[in-house]
Amino acid sequence: MDETILTRLRTWIETSRMKEGARLPAERELAQTLCISRAELRKAMFVLEVEGRVERIVGRGTFLAKRAAVAKKSTVNARINELAERTGPYEAMTARIAIEPELASLAAIHASSRQLRDIADLAAAMKTAETWSKYEKLDSDFHDMIARASGNSLLHEVHSVINQVRMVVVWRRLSTPQEMPSKDYHSFTEHDAIVHALEQRDSSAAKKAMRKHLKSTLDTIQADDED
């Protein structure tokens, strides 16, 4: 992603005189204002979200974070950004492959009924996402909920760091020429397989399904790089 786009977005926010907690303009309007594509804007927004500068709420929009929240996250975000600068998409995905299958295995054992419903709801919601931005947020929440459902708070925090890094170095590298995921997007059936294994309390199947899903995503990233 061109760093000038990030600079342009940051400058617009700083000079917009928006109050803390204010809702940013709609994606189409803001992209036109900045003279960039919506795909470029979505990638830049992901970086700002990781930095803690904005907060995206599915169904409501994107909001300017409060200064106190930004300050609180500044040290952590500095570390995240440092890691992102030194991490490539392949490293980010292999880190996920190393930890997330185990988290899925644990979640099959420890997840509450409510957590299982939330995970299934997120998988279903992704199929009707009207934009890549909404899909990416739901996908992040899906994987975070599985990590949380593992019942291991330390592993959940480790996953959170990996997830934030991958949002910067992976999603901004993926080719998303369409405005939204296609109806036959490979992740849909892969997510369903993970959900089914979790609901069956089958830790082995959950582990295999998660690993298959992440390797499929890695293959997609490598194919984009070859193109």
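The values are calculated or read from the model by the stated rules, or taken from the named source; none is laboratory data. Computed from a predicted structure; not experimentally measured. Ideal geometry is used to build each Cβ from the backbone, glycine not excepted, and the neighbour counts take in all protein chains shown. We work out accessible area using only protein heavy atoms, side chains counted, and drop any ligands, DNA or RNA first. Shrake-Rupley method; radii C 1.70, N 1.55, O 1.52, S 1.80 Å.
Brief remarks follow.
- Pairs are defined by a Cβ separation below 7 Å, a sequence spacing of at least 6 or placement on different chains, a first member in the stretch 119-146 that is closer than 24 Å to Glu40 by Cβ, and a second member that is small (Gly, Ala, Ser) and assigned to a helix (DSSP H, G or I); the pairs so defined are Leu138/Ala125.
A quick yes/no check of all residues on (1) over 19 Å from Leu138 (Cβ atoms); (2) touching a residue at least 40 places away in the same chain (Cβ under 8 Å); (3) not charged (D, E, K, R):
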site: Trp12; (1), (2), (3): yes, no, yes
site: Arg23; (1), (2), (3): yes, yes, no
site: Glu27; (1), (2), (3): no, yes, no
site: Leu30; (1), (2), (3): yes, no, yes
site: Ile36; (1), (2), (3): yes, no, yes
site: Leu41; (1), (2), (3): no, no, yes
site: Arg53; (1), (2), (3): yes, yes, no
site: Ile57; (1), (2), (3): no, no, yes
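- Test for Thr128: is it at pLDDT below 90, among the β-branched types (Val, Ile, Thr) and over 17 Å from Ala95 (Cα atoms): no
- For the stretch 137-156, the set of residues classified as assigned to a helix (DSSP H, G or I) and open to solvent by 40 Å² or more (accessible area, probe 1.4 Å) consists of Lys137, Asp141, Arg148, Ser153, Leu154, Leu155, listed by residue number.
- Number of the condition not met by Ile36 [criteria: (1) out of contact with any strand residue (DSSP E or B) (no Cβ under 7 Å at 6 or more places or on another chain); (2) part of a helix (DSSP H, G or I); (3) modelled with pLDDT of 85 or more]: (2)
- Residues that are of a type outside the set (Asp, Glu) and open to solvent by 60 Å² or more (accessible area, probe 1.4 Å) were ranked within the stretch 180-203; the one that is nearest to Glu136 (Cα to Cα) is Met180.
- Check on Met93, among the aliphatic types (A, V, I, L, M), under 15 Å from the mean Cα position of the chain (by Cα) and at pLDDT 90 or above: no
- Identity of the residue in the stretch 20-33, in contact with a Leu (Cβ under 8 Å, 6 or more places away or on another chain) and in a helix (DSSP H, G or I), that ends up most open to solvent (accessible area, probe 1.4 Å): Glu27
- Extreme residue, nearest to Glu130 (Cα to Cα), among residues of the stretch 59-68 that are without any contact (Cβ under 8 Å) to a residue 40 or more places away in the chain and assigned to a strand (DSSP E or B): Gly61
- Residues in the stretch 116-136 that are surrounded by fewer than 21 Cβ atoms within 10 Å (Cβ to Cβ) and of a type in the set (D, E, K, R): Arg117, Asp118, Asp121, Lys127, Glu130, Lys134.
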